[in-house]
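Down below is the structure, laid out as structure tokens.
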Amino acid sequence: MPEYVAKTLFGLEGVLAEELQALGAGDVKTLTRAVSFTGDKRMLYKANYHLRTALKILVPVKEGEIKNEQELYQFVRSINWDRYMGVNDTLAVDVAMKTPLFTHTQYIAQKIKDAVVDQFRDKYGSRPSVDLDKPSLRINAFISDRNIVISRDSSGDSLHRRGYRVRQGPAPLNEVLAAGLVKLSGWPGNIPLIDFMCGSGTIAIEAAMMALDLPPGDLREHYGFQQWRDYEPALFNQVAVVERKTSLTADLIFASDISAEAVQLAQRHARNAGVLRAIRFSTCPFNDFQPPSAPGMVIINPPYGERIVQQNLEDLYTSIGNQLKKSYAGFDAWIISNNAEAMKHVGLRPSPKIVVYNGQLECRFNRYSLYAGSKKQPKS
């Protein structure tokens with residue numbers, strides 16, 4: 001059975017493994033920023049179309065050790081690329097590495113490309129060309145110390161690009177991270193979910209897509225495997241036919257923001273995603289938002305401090321904590337932030353604290369259980 005590797009963000013490996021097990025993948029193993037699994041071609045298509053917390057699905061081709069640039073070239077050239085592409089096809093190369101051997105990923109990508117096209121030129125007197133946007137084959141190279149893995153990228157564009165976002169808000173949250181936060185929170189899908197700092201709406205939209213069983217690949221127009229020689233359109237069409245819920249319990253997902261422009265953008269994204277009917281939007285300061293009755297859940301991504309001075313940021317987090325204590329008894333509140341000092345000003349004791357990455361920023365995703373009498377809890 002073929003082996004695949006699903007790439008993800010740090011901290012989401014566990015929920016991605018659960019997604020794969022639910023899809024029926026075999027031999028699921030968590031790695032760092034990745035999960036390996038086995039399955040047939042149908043499973044490869046399903047993983048790309050259905051996984052909410054995966055960035056890429058890679059198909060390993062060859063693994064080995066290298067010591068220098070020349071060994072890298074020979075290693076790549078030793079692969080029989082005829083199996084995967086022809087001289088009239090196009091290719092692109094992506095490189096990720098953590099090694100003392102090399103310093104520039106673009107240069108290594110060029111060497112890998114040279115090894116592939118030189119093989120074709122020597123065999124046929126002609127060579128494939130490069131297409132960075134929509135190649136016939138996207139090659140992925142991962143180099144860790146002296147170990148190298150060459151894979152075929154079955155996804156093409158990163159899977160976080162669902163297709164509903166028209167433009168970024170001021171501090172956009174990656175769709176894969178947003179889906180991961182909802183899954184990490186344990187939201188059961190039948191109690192209110194509130195994001196009162198919704199920005200462009202990603203957390204609420206991803207939650208609504210889950211609640212409606214709307215696959216993340218529903219709006220996507222292209223996958224890398226659709227350029228492959230062995231692509232089976234009929235098989236993929238079977239994978240892409242799913243039953244969707246037509247409605248949600250009324251007033252289940254709430255998204256609010258102080259910025260009318262942000263709310264308008266979030267509504268546009270929700271409409272594009274097909275979940276506008278599932279989210280109740282409003283424009284108001286978070287301390288004016290009136291939550292529904294408990295039990296419920298809050299998930300917010302407040303500012304981290306890039307555009308706010310520290311004192312104002314700490315005051316903001318204090319206000320968030322005060323509002324949670326005042327109006328959200330019986331809720332679980334989850335806050336993601338990379339500003340540990342500001343998080344202390346929430347004034348509640350978090351449990352658990354989960355490490356996740358928002359881009360390059362190491363963050364904590366903290367849960368605050370808001371019981372009656374939360375005001376008396378000491379600061380963390």
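Entry note, the stretch 37-168: relative contact order of 37 percent, from Cα contacts under 8 Å with a spacing of 6+ residues. Comparing Ile143, Val15, Pro128 along the charge dipole axis of the stretch 3-153, the residue lying farthest to the positive side is Pro128, per the Cβ-charge model.
Semi-axes of the equivalent ellipsoid of the chain are 42, 23, 18 Å, computed as sqrt(5λ) over the eigenvalues of the C-alpha gyration tensor in descending order. Taking every C-alpha pair closer than 8 Å and separated by at least 6 residues, the mean separation divided by the residue count of the chain gives a relative contact order of 14 percent. Modelled spin labels at Leu101 and Ser129, positioned 7 Å past Cα toward Cβ, are 3.2 nm from each other.
A simple charge model with +1 on the Cβ of Lys and Arg, -1 on the Cβ of Asp and Glu and nothing else charged puts the dipole of the chain at about 520 debye relative to its Cα centre.
Distance from the Cα centroid of the stretch 257-290 to that of the stretch 65-109 is 45 Å (rounded to whole angstrom). Under the combined filter of DSSP loop state and at most 12 neighbouring Cβ atoms within 10 Å, the stretch 169-246 retains these GluC sites (Glu not before Pro): Glu221, Glu243.
Between amide H atoms placed 1.01 Å from N, distances below 5 Å from Asn358 occur with Cys363, all of them 5 or more places distant or on a separate chain.
With 0.36 nm allotted per residue and the present C-alpha distance subtracted, the Asp27-Gln360 stretch has 116.9 nm of extension available.
Cross-linked pairs Lys41/Lys113; Lys56/Lys123; Lys111/Lys134: Cα-Cα separations exceed 30 Å for Lys56/Lys123. Check Lys56: other-chain or 5+ apart residues with amide H under 5 Å from its amide H, H built from backbone geometry? The answer is Lys7, Leu159.
Within the stretch 205-219, what residues put their amide N at less than 20 Å from the label point 7 Å along the Cα-to-Cβ vector of Asn237? Hits in the stretch 205-219 for Asn237 at 20 Å: 215, 217-219. When the trypsin sites (Lys or Arg not before Pro) in the stretch 28-81 are filtered for DSSP coil states and for at most 12 other beta-carbon atoms within 10 Å of their beta-carbon, the remaining sites are Lys67.
Counting only aspartates and glutamates at least 8 places from Lys245 when in the same chain, those with an alpha carbon closer than 12 Å to its own are Asp213. Taken one residue at a time, the phi angles of the stretch 141-158 give Karplus couplings (6.51, -1.76, 1.60, θ = phi - 60°) of 10, 10, 10, 10, 6, 9, 8, 10, 10, 9, 10, 8, 8, 7, 8, x, 4, 3 Hz. Gly and Pro are set to x.
For a paramagnetic label modelled on Arg349 (point 7 Å from Cα along Cα→Cβ), amide N atoms under 17 Å away belong, within the stretch 313-334, to 325, 333. Hull volume per residue, based on the alpha-carbon atoms of the stretch 3-153 and their convex hull, is 112 Å³. Across the stretch 134-196, the mean sequence separation of Cα contacts (distance under 8 Å, 6 or more residues apart), normalised by length, yields a relative contact order of 19 percent.
Paramagnetic label reach from Asp122 (point 7 Å along Cα→Cβ; backbone nitrogen cut-off under 17 Å): within the stretch 65-92, residues 69-83, 87.
All of the numbers you see were taken from the coordinates with simple rules; none came from a lab. A quick note: this is a predicted structure, and the numbers were derived from the prediction, not measured. All Cβ positions, glycine included, derive from the backbone under ideal geometry; neighbour counts span all protein chains shown.
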